[in-house]
Structures are given as structure tokens and as C-alpha cells.
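Engineer: I have a structure I would like to understand better, so I am pasting it below and will then ask my questions one at a time.
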Amino acid sequence: MRQKIRRILLFVSFLLFPLTIWYFSPYLIIQAASEHIMNGSFIVFASMFFLSMFLGRVWCGYLCPAGGLQESAFRLNGSPAKQGKRNMIKYVIWIIWMSAVVITFILGKNDVTIDPFYMTDHGISVSEIYDFIIYYGVLFILVLPSVIHGRRAACHYICWMAPFMVIGSTVGRWLRLPQLHIEADPGKCISCGKCSSVCPMGLDVSSMVPERKNHKCSECIQCGACVDECPKNALSYRMVWRR
């Protein structure tokens, strides 16, 4: 039931993407910074960072429209995306992008203001015909890696939002905050591999169980698919304090 609800939430989030896309825009936050405006995407990214200090990458697993798009592409390529150096691309993108935001803000003019609906038409993102060109361009960029490389490849390789949550989770650990994790009980594991087969991120969950490494994986999106699939209840959600 939980996974059905999760997929419905992701699907609805994707359907709403034409309305919300500017609130995830890496470009509008730069444009707003040049005018000293804290826009909608600034608020969304800041919220992701703060919530991830307690919940990790739950946003990716349950609410991200880009995640909904990619999970819809599983039928085109359901193989696990390869892990490794490619995962670092998103951090390079994030560092360059954040540097541009900071520099633009420093060089910007006007007093600092908050405008959640900056550059939207009554809060709606795609409201003009030419906006659809950008919208479908973004969809193509997000879905193409998944079609070529496998499950949620864009999340692994190019997502500009994931680093906020990875860094937020790390900060939360260092502050010793209670955090949501998927905990493993190696004694119950029968090495059936079902947890790995259902992971939407294509992670080799079964190899993490013996050493209880699930909570240390920055690519885990806390979706709970492995928890729900495990026949021996060797995996479970828990709020824990851990550095």
C-alpha cells in the first residue's frame, strides 16, 4: 500500500510540473539574486536543505516531479544505473551553479525582498506558449539519462537539487539531530536480493545489509521499497540519532 501511495504522489507531482517547474528553476534563482529577491525556488531549495536534516532525501522518493517522470520511464529501461564517478557530476554542477548564485547576489542591486511568485503568472509557471519549449526541453534532459543508463539516472548524475539534501543530511548528522533512516538487521537477512531488485535508484541494497551501510548511502531516497519487499522484515524505517 505504501508504495502504491508513493507512486501516486510522484505521478500527481509530475502532472503538476507545468504549474510548479519555475519553483525548481536553477536559472530563476540567479535572475532573482541579481535583483536581491528571494524567489520561489530559493524558498523551495532552502526548505529541501532544512527538511533533509531530519528526513534525508524523502522528497526525492515521494514528491519530486522529476522522480515521477523517471519512474514512469522504468518500462523503457528498468536496469540499474551504474554508480561511481558519474555520480559526482551533479556536485560539480551544483558548485558551479551555487557560485553563480552567490556572485550574482553580491553584485546585485536593490534591497533584499521576498517574492515567492517571482516571474510567474499568478503563481503558475508555464503560462505562455514559449514556456512549453522550455518545459519540454527540461523533460527531455531529465528523462534521457534514464532511458540510456537506467533507473533514475538523472537523479544520480545531473540533479541540481540532490546535493541540497545530501549536504543537509550530513549537517544533520554532525548536529546529532534525529534522522529518518532505513535500518538493517543482518541476522534476519536471507540474501534473497529482493530489496535490490525493487530499489528505484538501482542500489545494491542487499550488499549493504551485512555491514548496516544503508544509512550511509547518499543515493538512498528513503522510499521504503526495500522495506516493503523484504520477506523477513530485515529492513525498517527508524528515526535515529547518529553521527
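Computed from the coordinates by the stated procedures, all read-outs in this text should not be read as laboratory data. Everything quoted here is computed from the prediction, not taken from an experiment.
Engineer: For the chain, list the DSSP H helices whose alpha carbon atoms reach 24 Å or more along the long axis and whose average Kyte-Doolittle value is -1.0 or above?
Structural biologist: Going by DSSP H runs, the hits are 89-107, 129-149.
Engineer: Looking only at the chain, where both bridge partners belong to it, what percent of the DSSP beta bridges are antiparallel (to the nearest 5)?
Structural biologist: Bridges in the chain are about 75 percent antiparallel.
Engineer: On the principal axes of its Cα set, how long, how wide and how thick is the chain? Give whole Å, largest value first.
Structural biologist: Taking max minus min along each principal axis of the Cα atoms, the chain gives 60, 41, 33 Å.
Engineer: Give me the count of lysine pairs in the chain whose alpha carbons sit under 21 angstrom apart, restricted to pairs 8 or more positions apart or on different chains.
Structural biologist: Lysine pairs satisfying the spacing and distance rule in the chain number 16.
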